[in-house]
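S.K.: This is the structure I want to talk about, given as structure tokens.
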Amino acid sequence: MNKLEQPRALQFEEAEDEPTNSSGNPTFGDVVAERLSRRDLMRGALATTAVACAVSPAAMLAACSEDTSSTPKFNFSEVTAGSNERHYVADGYKADVLIRWGDKVVADAPEFNVEKQTAQAQEKQFGYNNDFVGFIPLGGSSDHGLLVVNHEYTNEELMFPGIDPEASKKKRFAEMTRERVDVEMMAHGGSVIEGKKVDGKWGIVADSVYARRITAATPMEITGPARGHDKMKTSYDREGVKVLGMLNNCAGATTPWGTWLTCEENFNGYFWNKKAAKKSAQAAALKRYGAPAERYNWGEYHDRFDVGVEPNEINRFGWVVEIDPLDPNSTPKKRTALGRFKHEGAGNIVNRDGRFVVYQGDDQRFDYVHRFVTKGKVDEARREGNKDLLDEGTLYVARFNADGSGVWLPLVFGEGPLTEASGFSDQGDVLINVRMAADLVGATKMDRPEDIDVNPKTGKVYCMLTSNKDRGELAVDAANPRPLNTFGHIIEMTPDGGDHAAPTFRWEILVKCGDPAIAEVGATFNPATSASGWFANPDNCVVDAEGRLWVATDGNTAGKTGRADGLWGLETEGQERGTGRLFFRCPVGAEMCGPCATPDLRTFFVAVQHPGQSSDDTVSTYDSPSTRWPDFQWKMPPRPAVVAITRNGGGKIGV
Ligand code: FEO
Ligand code: CA
Ligand code: CA
């Protein structure tokens, strides 16, 4: 398939891979190259160790971590890597489908009828393409709580009959009628469901008072420094304070005060009218965000997605949204202090001084790693005390230095180059156009930063860098030996002095991904890793309460890596460091999202996103899908679903 003929969903996924950063900042590869060339100039054991840790093979990496024990943190018998129409979980565990696209969420939702789906029904049913999953315990229980789930995007060719993914965009858009577009809009956003484990099996509490659907039309409030900014005003919101819906919510997080942070990623794909964009007063800003990408034809039926009609509507997307799932009537809030970009997740920690710190990836080739530090402290006594904590604070962007150190560069109007002379009018403007601000301060261009999470035990921070097909020969070096970084890598960051608000940190590469058996790939998994234990394209991740890193992948296929996507445990300490183990394997075409552990670690919720989606080697449609997971019923297309994994007979997962 050439690019134009790819299914819309695949094109959309590739939007994450279209570089729009033309600034002159060094790439991460340049940094490592510089780091190597300076090797002989460096003095002191610490500096030597830092270089060794950044560039050495896995066996050497073990020596760099403080823990030299050889006790693996993961203990389960591995799934065999491969790809077919089904899912697999490690022996001794069961994986039960909890909720699927179209299942009832709110009390009066109609039964799912895939052949006669309507926007009115979809608005009350579980949405499409579940990504982030969070668990908010009720009454401190690990067996009863709220599940908050993102619905990132829609695969029209799998949701509706008669859409030829290989047809031209014009032809496909012609098949996407207003009625179908309105179903899509209702299938985006998120769901709040109440889950309960009874006799060892998870189910949904019917008629829960918490049950809620958030869609692309749910009223939301704009808060923080960009609230009321001129660039946020539209014809139907002249104050610039409210917006309808959230789009392309990818990963996310929960907060210690029990709210849900849900992160808007490829918002550019929903906007329309490239011709008007070229003449727009915001043409440069639109270009820097790859907008409008016209991946969907919503603008044909809804003027607000047409940048020629509502030029500022697009500025109201690309934010982190905070939702209080404990109050089903609460208004979701777009927290502009955290910046506007293609957010992946919002991995967070309460710093030792009480401030709240959020790590964020901007998922595009050559874009950046960010950190947000609140001004105020987390109020542990009063939940209400954290109501607007995320509206004030400082956003930073990372520079990875050649010597293994790193610097957090503040994105503050009036500081450094972020002045009127460089085109910024105020802090709201800096936050609306974070990418352009980050270009000016000299941030390091990365290989598509996806999810980031913090190890609650060690304070180390793990950043998934999923791939970069455009690194090029000039950036090849010992740490990034692949001119095509097809398989991605993972970086470990350690805040200086254990302070997540510190201006500096140290970094090293935990693992370069891909098949270690193929020398040219240059993968650095620990040699103890089995043939099933390696992976490519790390995407979502979580560090659980035991300090174990779980990596969910997006991009493995039978043709590319001989395996479907899945969930791997990855050792980070001692002699086991860099050893992967496959715990859950997705059905063909799906990417792995979540995962989410209950506090007692006895349940893992994972999200199987876009099962049956076409890949480079398979064309898959509603009429002829590559799998009918999870129902396997004639005429039922594949359905994205959340799966609850528990251990037979109870017990902690993977221990
Ligand atoms: Fe939606 Fe960057 O994955
Ligand atoms: Ca993701
Ligand atoms: Ca993804």
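Just so it is clear, none of the values below were taken in a lab; they were calculated from the coordinates. Here the structure is a predicted model, which is why all the values come from computation and not from measurement. Methodologically, a virtual Cβ is constructed for each residue, glycine included, from the backbone with ideal geometry; neighbour enumeration extends over all protein chains shown.
S.K.: Can you compute the helix-only [θ] at 222 nm over the chain? Use -39500 (n - 2.57) per DSSP H run of at least 4 residues, normalise by all residues, nearest 500 deg cm²/dmol.
M.R.: -3500 deg cm²/dmol
S.K.: For a quick check of your reading of the filter: which GluC sites (Glu not before Pro) in the stretch 213-310 sit in a DSSP loop and have no more than 15 other Cβ atoms within 10 Å?
M.R.: Passing sites in the stretch 213-310 are E239.
S.K.: Quickly work out the S23-to-A276 label distance, labels modelled 7 Å from Cα along the C-beta direction, and quote it in nm with one decimal.
M.R.: Label-label distance for A276 and S23, simple model: 2.9 nm.
S.K.: Now for a separate question. Which trypsin sites (Lys or Arg not before Pro) in the stretch 184-276 pass both tests, a DSSP loop state and at most 14 other beta-carbon atoms within 10 Å?
M.R.: Sparse-neighbourhood loop trypsin sites (Lys or Arg not before Pro): R238.
S.K.: Now for a different question. Output the relative contact order of the chain, whole-number percent, from Cα pairs under 8 angstrom with separation of 6+ residues.
M.R.: 18 percent
S.K.: Let me ask something else. From the cross-link list K197/K457; K124/K275; K171/K334; K287/K375, which pairs have alpha carbons spaced over 30 Å apart?
M.R.: Too far apart for the 30 Å limit: K124/K275; K171/K334; K287/K375.
S.K.: Further, regarding this structure: If we sort 640-651, 170-181 on the protection proxy, mean other Cβ atoms within 10 Å, highest first, what's the order?
M.R.: Highest mean packing first, the order is 640-651, 170-181.
S.K.: Can you give me the relative contact order of the stretch 487-575 as a percent, contacts being Cα pairs under 8 Å and 6 or more apart?
M.R.: Worked out over the stretch 487-575, it gives 20 percent.
S.K.: At a threshold of 8 angstrom on Cα-Cα distance, excluding pairs fewer than six apart, so keeping six or more, what relative contact order does the stretch 296-358 reach in percent?
M.R.: Over the stretch 296-358, the number comes to 20 percent.
S.K.: For the stretch 575-580, just list the computed ³J(HN,Hα) in residue order, Karplus coefficients 6.51, -1.76 and 1.60, θ = phi - 60°, integers in Hz, with x standing in for Gly and Pro.
M.R.: Going residue by residue, I get 5, 7, 3, x, 8, x Hz, with x marking Gly and Pro.
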